[in-house]
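Report on the following structure.
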Amino acid sequence: FHTIALGACNSIYTLLHYPEAWTQIKESPDLIPRAVVEALRLESPAIFFRRWVIEDVIYDGHLIPKGTFVANFWSAGNHDPAFFPEPERFSFDRANVATLTFGGGLHICPGRYVTVMLIRMMLEMLNQKKIKLELVDTASEWIGGHFMSQLKKMNVRVSRQR
């Protein structure tokens with residue numbers, strides 16, 4: 001549940017920092033599914049996870065011995081310019097409609113569908129109810145020294161659109 005909540009909060013944070021994307025969603029709600037993927041890519045709730053190597057592995061010509069801890073930095077992969085050109089830009093038309101936010105393989109996040117569904121429903125409801133969110137200031141505070149990307153504080157003004 002924690003990652004689901006962070007995914008939702010971080011997606012709102014991301015959209016508030018890309019107001020042109022928020023405007024496009026309001027004008028074309030069919031963009032919401034792509035907005036969810038892009039927001040999660042830009043501000044992943046998971047920064048990294050550690051894994052323990054269970055047998056010797058040769059990777060890129062280097063031995064990683066059994067028993068070594070390795071870290072998967074999902075957030076770095078989501079900003080890799082080799083896979084996501086102009087990685088800091090919010091884009092609805094990326095060739096790679098993907099995110100490394102939830103990992104993959106055997107350990108892929110079991111809550112990924114719930115996270116995406118919650119964010120999508122949130123954005124749809126904000127649009128439908130014509131609720132406007134805007135940052136009061138951009139000095140949001142993040143909890144440091146944590147493997148999750150978690151806001152401590154984000155000042156937002158909520159109002160009805162006219």
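Lysine pairs in the chain whose alpha-carbon atoms fall under 20 angstrom of each other, counting only those eight or more residues apart or on distinct chains, come to 4. Compute the Rg to Rh ratio over the range 1-95 from the alpha carbon atoms, using the Kirkwood formula for Rh, and round to two decimal places. Radius of gyration over Kirkwood radius for the range 1-95 works out to 1.11. Of the GluC sites (Glu not before Pro) in the range 2-101, the ones in a loop by DSSP (not H, G, I, E or B) with at most 16 other beta carbons within 10 Å are 55, 88.
Tell me, in nm to one decimal, what length is gained between residue 140 and residue 53 on full extension, where the rule is 0.36 nm per residue of separation less the Cα-Cα distance?
Details: separation 87, 0.36 × 87 = 31.32 nm, distance 3.67 nm.
Roughly 27.7 nm would be gained on extension.
Tell me the mean residue ellipticity at 222 nm calculated for the chain from its helices only (DSSP H runs of n ≥ 4, each -39500 (n - 2.57), averaged over every residue, nearest 500).
On the way: 5 runs with 57 residues, N = 162.
Taking each H run of at least 4 residues, the total per residue is -11000 deg cm²/dmol.
Here is what passes the span test in the chain: the DSSP H helices with alpha carbon length of 18 Å or more along the helix axis and a Kyte-Doolittle mean of 0.5 or above are 2-17, 112-128. Considering the range 96-137 at the alpha-carbon level, its Rg and Dmax are found to be 14.4, 41 Å.
In this structure the chain gives 62 Å² per residue of accessible area when probed at 1.4 Å with all protein chains present. For the range 79-162, the alpha carbon positions stretch 44, 32, 29 Å along the principal axes, listed from largest to smallest.
Just the number, please: carbon plus sulfur as a percent of the accessible area of the chain, 1.4 Å probe, no ligands or DNA/RNA counted. Mind dumping the intermediate values first?
Values: 5900 of 9970 Å².
Summing carbon and sulfur atoms, their accessible area is 59 percent of the total for the chain.
Over all projection directions, the Cα-based convex hull of the chain averages an area of 11.0 nm².
When you filter the chymotrypsin sites (Phe, Trp or Tyr not before Pro) in the range 1-52 for DSSP loop state and at most 10 other Cβ atoms inside 10 Å of their Cβ, you are left with 1.
Shown here for the range 76-162: chymotrypsin sites (Phe, Trp or Tyr not before Pro) in loop regions (DSSP other than H, G, I, E, B) with at most 13 other Cβ atoms within 10 Å, namely 147.
The values are calculated or read from the model by the stated rules, or taken from the named source; none is laboratory data. All values derive from a computational prediction rather than experimental measurement. In this analysis, Cβ positions are derived from the backbone assuming ideal geometry, glycine residues included, and neighbour counts consider all displayed protein chains. Areas reflect the complete protein model, heavy atoms only, side chains present, ligands, DNA and RNA absent. Shrake-Rupley method; radii C 1.70, N 1.55, O 1.52, S 1.80 Å.
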